[in-house]
Amino acid sequence: MQKIYITANDAGRRLDRFLRKYLPNASLSEIYKIIRKDIKVDGKRKDESYMLSEGETVTIYLSDEIFEKLRREKLSEVKRHKAKKQFHIVYEDSNILVADKPFGLLTHGDHREKKNHLANQVKDYLIEQGDYNPHIEKVFSPAPANRLDRNTTGLILFGKTSSALQGLNLMIRKDMIEKYYLTLISGVLVEPLDLGGYIVKDKRANRVTVKNDEGSPIHTLIEPISAFRYKEQSMTLVEVQLMTGRTHQIRAHLASIGFPIIGDIKYSGKKDIALNKILKKDFGLSTQLLHANRLKISKAVKELKYLEGKTFKADLPPFFRQILNEIDRK
């Protein structure tokens with residue numbers, strides 16, 4: 001018999017979803033079987049849709065052998081090698097943390113990198129600060145509410161509590177958080193652009209295609225800031241506001257209208273090969289130059305209402321600033 005005491009971070013979850021995280025090695029059919037036969041909440045049977053509340057006790061009537069087989073390795077987050085802190089903290093309070101992600105770091109782990117990614121670095125920082133204790137939490141772990149590609153730098157929001165993370169996720173889904181990026185594009189853009197359309201993802205090729213009449217709707221606003229010329233090649237620094245948040249949306253949308261991001265080999269056209277070769281030779285640039293520089297909380301859920309109207313900013317990373325400084329002198 002195992003007793004689980006529901007904390008504030010466990011509360012508000014359906015019983016079946018709580019158990020799927022708490023017993024990750026159990027199949028869905030095993031979870032439902034356990035709920036029917038082997039679980040009581042405060043001494044009473046509950047169905048899979050029951051919403052857990054703080055202070056309740058979930059009792060699981062399984063042998064220690066079966067329980068350990070279905071349960072993840074105890075405190076694996078603490079036992080693994082600590083991830084070296086590479087991010088900068090832009091803002092932090094008891095509910096959220098805003099991180100400035102550096103170039104080359106994954107937001108989440110993948111099949112190639114399971115340990116040293118931003119989510120683990122933030123988690124290790126919070127453990128060190130005493131703001132997160134995996135000994136106490138049953139299923140919750142601090143996590144990012146938005147993500148950036150490995151080679152895109154800038155702002156990422158983390159929920160430090162379950163309710164804060166749920167609130168941030170809802171705010172992003174409901175477009176209550178304005179997202180702005182700085183990037184350097186090929187060509188001269190003079191007027192602001194309001195771009196619509198649709199996007200189709202090719203998972204196998206890990207790229208997307210902008211369409212006129214099929215796929216997921218996209219909306220992107222482009223504001224030109226400064227034009228540059230370097231070795232007979234034209235470029236424009238622009239600020240991009242994402243009105244929708246699709247994979248590779250900025251990169252594909254700009255490329256589809258003939259203004260690809262410099263260094264973005266995946267979405268650049270043939271006419272941009274010369275510019276990309278120059279920038280790679282002179283600066284070592286071999287990937288997109290894209291930075292998430294601003295997040296504005298236009299509206300907020302009740303718990304995070306104090307953040308309403310707040311703007312978070314991240315300075316350009318040194319490499320981006322170096323390129324701007326160099327081409328500005330030519």
Given 50-56, 293-299, the highest-first ranking by average Cβ count within 10 Å works out to 293-299, 50-56
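Per-residue ellipticity at 222 nm for the chain, helices alone: DSSP H runs ≥ 4 residues times -39500 (n - 2.57), over residue total, nearest 500 deg cm²/dmol? If you can, show how the numbers build up before the last one.
On the way: 9 runs with 84 residues, N = 330.
That calculation yields -7500 deg cm²/dmol at 222 nm.
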For the chain, percent of DSSP beta bridges that are antiparallel (nearest 5) comes out at 95 percent
Residue by residue through the range 224-230, the couplings from Karplus 6.51 cos²θ - 1.76 cosθ + 1.60 with θ = phi - 60°, in Hz, x for Gly and Pro, are x, 10, 8, 9, 9, 9, 9
If one compares the long axis through the Cα atoms of helix 273-283 with the longest principal axis of the Cα atoms of the chain, the angle in degrees, nearest 10, works out at 80 degrees
Residue-ordered couplings for the range 57-66, obtained by feeding phi - 60° into the Karplus form 6.51 cos²θ - 1.76 cosθ + 1.60 and rounding to whole Hz (Gly and Pro as x), are 10, 9, 9, 10, 9, 10, 5, 4, 5, 5
Ranked output for segments 235-247, 199-211 by mean other Cβ atoms within 10 Å, highest leading, reads 235-247, 199-211
With label points set 7 Å from each Cα along the Cα-to-Cβ direction at K299 and K231, the distance between them in nm comes to 4.9 nm
Expected unfolding gain across D194-Y306 under the 0.36 nm per residue rule, minus the alpha-carbon gap, is 37.2 nm
Hydrodynamic calc, the range 178-329: Kirkwood Rh from Cα pairs, then Stokes-Einstein at 10 °C with viscosity 1.306 mPa s, so D in µm² s⁻¹ is 97 µm²/s
Excluding residues fewer than 8 positions from K3 in its own chain, the aspartates and glutamates with Cα under 13 Å of it are D38, D42, E56, D64
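Considering only the other residues whose Cβ falls under 12 Å of the Cβ of G55, what net charge follows from Lys and Arg at +1 and Asp and Glu at -1? Before the final figure, lay out the partial values.
Details: positive: none; negative: D10, D42, E54, E56.
Spelling it out: positives minus negatives among the neighbours equals -4.
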Quarter of the surface of the C-alpha convex hull for the range 242-310, i.e. direction-averaged projected area in nm², equals 6.3 nm²
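Past 30 Å, Cα to Cα: identify those pairs from K115/K270; K179/K266; K115/K299; K37/K302; K203/K280, in the order given. List each step's numbers first, then the result.
Working: K115/K270 38 Å; K179/K266 23 Å; K115/K299 34 Å; K37/K302 38 Å; K203/K280 28 Å.
From the list (K115/K270; K179/K266; K115/K299; K37/K302; K203/K280), the Cα-Cα distance tops 30 Å for K115/K270; K115/K299; K37/K302.
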Computed about the Cα centre, the charge dipole of the chain from +1 Lys/Arg and -1 Asp/Glu charges at the Cβ has a magnitude in debye, to the nearest 20, of 800 debye
Whole-Hz Karplus couplings 3J(HN,Hα) for the range 189-202, θ = phi - 60° and coefficients 6.51, -1.76, 1.60, Gly and Pro as x, run 10, 9, 9, x, 10, 10, 9, x, x, 9, 10, 10, 9, 9
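For a Förster distance of 56 Å, can you work out the FRET efficiency between the beta-carbons of K201 and K44, rounded to the nearest 0.05?
Values: r = 45 Å, r/R0 = 0.81.
The computed FRET efficiency comes out at 0.80.
Each reported figure results from applying straightforward, stated rules to the coordinates on display, with no laboratory input. Given the structure is predicted, the values throughout are model-derived calculations rather than measurements. No Cβ is skipped: glycine too gets one built from the backbone with ideal geometry, and neighbour counts run over all protein chains shown.
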